[in-house]
Amino acid sequence: MDNNSLIELDNVAKVYEMGETQVSALKGVTYTIRKGDLLAIMGPSGSGKSTLMNIIGCLDKPSSGRYLLDGKEISTFDRNQLAEIRNKKIGFVFQNFNLLARTSALENTELPLLYSDVNTKKAREMALKSLEIVGLKGREHHKTNQISGGEKQRVAIARALVNSPSVILADEPTGNLDTKTGNEIMKIFTDLNEKEGITIILVTHDPEVAEVAKKAMYLRDGLIERIEGE
């Protein structure tokens, strides 16, 4: 493993048992994601992109093959180790925001720090800094039911950022937003990538989102069909 690689997927496969039937969601994906990459994972429904994201995000384990994150072989980890990796190394951003209702932007951003050993004062400072980075300075105490969809996604990005993760995984991050707001959210991702050096993986079916990425991986039937931007 060279010093610049962050994620190594080595012949990663995933088979789901559906009653009597076995479904191969991934059939052997081999790829290296480097520090500072901005990668879009594309593909039609059923291509395996959500399964791949779940494995990269430590929400699921491969049936076979190896997955290394920061040089550690995650495919061998148990549930508690996976939870710790998710909390410390990975920031998640989802299409439907996944924010706590009727709580403030600041409280939502602080959430990942509740499970860490950061004290309350430091957690507040870190959350305020994250909110400022995504352009929400002055909106910290607005509750999630008082802000727009674009602002909700900014809060979700701030929450993903707060632990200084190795990688941010975003699943259809503009899916519930109009074009203008979606473009603003993509600008935040490109700024985080270029100015903060954060590795970002976007799972999307939107070609416009993929165009913003430096590299695009196209999946079909559980295999990599092609890579663009290498």
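Where a number appears in this text, it was derived from the coordinates with a stated rule and is not lab data. Please read all numbers here as calculations on a predicted model, not as lab measurements. Note that each Cβ is placed from the backbone with ideal geometry, even for glycine, and that neighbours are counted across all protein chains shown.
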- Per the helix-only calculation at 222 nm, which mean residue ellipticity applies to the chain, given -39500 (n - 2.57) for every DSSP H run of n ≥ 4 and division by its residues, nearest 500 deg cm²/dmol? -10000 deg cm²/dmol
- Give me D for the stretch 115-210 in µm² s⁻¹, whole number, from Stokes-Einstein with Rh from the Kirkwood sum over alpha-carbon pairs, 37 °C and 0.692 mPa s. 233
- Under a GNM of the chain (C-alpha, springs under 10 Å), which listed residue has the highest mean-square fluctuation: D171, D191, D117? D117
- Query: Dividing the convex hull volume of the alpha carbon atoms of the stretch 53-137 by its residue count, what do you get in Å³ per residue?
  - Reply: 127
- Query: If you place +1 on the Cβ of every Lys and Arg and -1 on the Cβ of every Asp and Glu, how big does the dipole about the Cα centre of the stretch 87-224 come out, in debye to the nearest 20?
  - Reply: 440
- Query: Among 145-151, 133-139, how do they line up from the highest to the lowest mean number of other beta-carbon atoms within 10 Å?
  - Reply: 133-139, 145-151
- In 10 Å bins starting at 0, how do the alpha-carbon pair distances of the stretch 33-83 split up by percent? 23, 49, 27, 1
- Note on the structure: Scalar couplings 3J(HN,Hα) for the stretch 180-189 by Karplus 6.51 cos²θ - 1.76 cosθ + 1.60 (θ = phi - 60°), nearest whole Hz, x for Gly and Pro, are 4, 5, x, 5, 5, 5, 5, 5, 4, 4
- How big is the Cα convex hull of the stretch 134-179 in projection, averaged over all directions, in nm²? 3.8
- Note on the structure: Debye calc, one equal point scatterer per Cα of the chain, no solvent, log10 I(q)/I(0) at q = 0.10, 0.11, 0.17 1/Å comes to -0.45, -0.55, -1.26
- Gain in span if fully extended, K187 to L100, counting 0.36 nm per residue against the direct Cα distance: 28.9 nm
- Message: Can you tell me what share of the DSSP beta bridges in the chain is antiparallel? A percent to the nearest 5 is fine.
- Response: 55
- Task: Would you mind working out the magnitude of the charge dipole of the chain relative to its Cα centre, with +1 at each Lys and Arg C-beta and -1 at each Asp and Glu C-beta, to the nearest 20 Debye?
- Result: 620
- Too-long pairs where the Cα-Cα distance tops 30 Å, listed order kept, from K122/K187; K27/K72; K49/K180; K72/K122; K49/K122: K49/K122
